[in-house]
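The values are calculated or read from the model by the stated rules, or taken from the named source; none is laboratory data. What you see is a predicted model; the values in this text were computed from it and never measured. Positions of Cβ are generated from backbone atoms using ideal geometry, with glycine treated the same way; all protein chains shown enter the neighbour counts. Note: areas computed on protein heavy atoms with side chains; ligands, DNA, RNA excluded. Shrake-Rupley method; radii C 1.70, N 1.55, O 1.52, S 1.80 Å.
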Amino acid sequence: MADTKSQGLVFPTTNSKKRAEHDDMDNDDYVAAKKSMLLSSAAAAAWEDPAAALASARHEFGEHGGVNMSIEASATFTVMEPETLRKMFSGELGADRDFFIYSRHFNPTVLNLSRQMAALEGTEAAYCTSSGMSAISSVLLQLVSSGEHIVAARTVYGGTHALMSHFFPRACNITTTFVDISDLDMVRNAIEVGKTKVLYFEGMSNPTLTVANIPELSRIGHEKGVTVVVDNTFSPMVLSPVKLGADVVVHSISKFISGGADIIAGVVCGPASLVNSMMDLHQGSLMILGPTMNPKVAFELAERIPHLG
């Protein structure tokens, strides 16, 4: 993984204090009391079920004390002192302490939705994107390099199948073997130790509704040393892939979670180390490709998710 100093750890694995630089924020105890750790409390504590995790996740209040978070529509953010800016670019200060530079990197409203999604899936961290396909392609490009290999279910979403069968081989020299995900021996035999980097499937497939045996598939993947990525688009709250052994969860939020067929959005949920690497200034797929979610979309979704249960 890239040096964290060059990227700025935004999902810390240890406790960090909130923003308290006197040059950029008044000593307002009220503001400080409203804000806590970036990581979802549900992810840090014992995780039980998605509805309970969402209920106990950090709630962000509005800028003027509103019960709902404000929409932060700014592309860039003010910094009053050069020393503060140096610390931000060196990674000493970041979004975990409410220091923001540029909304392609992190935006407070989108970050709020990301915390909700991390709570929903029981992961350390999450990052919301402009579409489901941008989430899928970004995480795969971070985990798989040129010359390496993916094993994937035959019954994946059509866009995902096209990405793996046509775009990746042509543009990235990444190949995919498609398997019957219900045939565990076929899955096991398709994984090439040292070359295969990801086992990819959908918890409940779109649109055939094939249900994957997540615990067994995760066990096989981990025995072979690969990362298990599950698309949980069709079964949020019904299935919890990470609890069942998977490493990473992706969603097209456009579908089940959105609920209204009026929004295009996606998310990557997983370990903080993975999300941080995807935001690396020089090698992070999310940072470089820039599939940024509109904060107005994030606000709309953040209002819906608490009612998903």
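Filter the range 72-99 for residues that are surrounded by 15 or more Cβ atoms within 10 Å (Cβ to Cβ) and touching an Asp or Glu at 6+ places or on another chain (Cβ under 9 Å) and give the result.
Correct list: E72, V79, T84, K87, G91, L93, R97, F99.
Can you confirm whether T123 is assigned to a loop (DSSP other than H, G, I, E, B), touching a residue at least 12 places away in the same chain (Cβ under 8 Å) and buried (at least 21 other Cβ atoms within 10 Å of the Cβ)?
It is true that T123 is assigned to a loop (DSSP other than H, G, I, E, B), touching a residue at least 12 places away in the same chain (Cβ under 8 Å) and buried (at least 21 other Cβ atoms within 10 Å of the Cβ).
Residue by residue through the range 149-185, note down the ones that are of a type outside the set (A, V, I, L, M, F, W, C), surrounded by 18 or more Cβ atoms within 10 Å (Cβ to Cβ) and assigned to a loop (DSSP other than H, G, I, E, B).
Once the filter is applied, which keeps residues that are of a type outside the set (A, V, I, L, M, F, W, C), surrounded by 18 or more Cβ atoms within 10 Å (Cβ to Cβ) and assigned to a loop (DSSP other than H, G, I, E, B), the range 149-185 yields T155, Y157.
For the range 206-217, what are the residues that are modelled with pLDDT under 95 and of a type in the set (S, T, N, Q)?
The answer is N206, T208, T210.
Which pairs turn up if I take residues in the range 63-83 that are free of Cβ contacts under 8 Å to residues at least 60 places away in the same chain and β-branched (V, I, T) and look for partners that are open to solvent by 60 Å² or more (accessible area, probe 1.4 Å) and part of a loop (DSSP other than H, G, I, E, B) with beta carbon separation below 8 Å, at least 6 apart in sequence or on another chain?
Hits for this filter: V67/F61.
Counting only residues that are open to solvent by 50 Å² or more (accessible area, probe 1.4 Å) and not charged (D, E, K, R), which one in the range 186-203 is nearest to D231 (Cα to Cα)?
M186
Only strands (runs of 3 or more DSSP E) wholly contained in the range 218-278 count here; list those with 1 or more residues that are open to solvent by 10 Å² or more (accessible area, probe 1.4 Å).
The qualifying strands (runs of 3 or more DSSP E) are 227-231, 248-252.
Among the numbered criteria (1) more than 20 Å from K296 (Cβ to Cβ); (2) part of a loop (DSSP other than H, G, I, E, B); (3) more than 10 Å from the chain's Cα centre (by Cα), which one does D96 miss?
Single failed check for D96: (2).
Restricting the range 94-127 to residues that are within 22 Å of M80 (Cβ to Cβ) and small (G, A, S), which is modelled with the lowest pLDDT?
Here the answer is S103.
Being under 20 Å from Y200 (Cβ atoms), of a type outside the set (D, E, K, R) and in contact (Cβ under 8 Å) with a residue 12 or more places away in the chain is the requirement here; does G225 meet it?
Answer is yes for this residue.
Yes/no per residue for (1) among the polar types (S, T, N, Q); (2) out of contact with any Leu (no Cβ under 7 Å at 6 or more places or on another chain):
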| residue | (1), (2) |
| --- | --- |
| V248 | no, no |
| S252 | yes, yes |
| A265 | no, no |
| V268 | no, yes |
| P271 | no, yes |
| L274 | no, yes |
| H282 | no, yes |
| I305 | no, no |
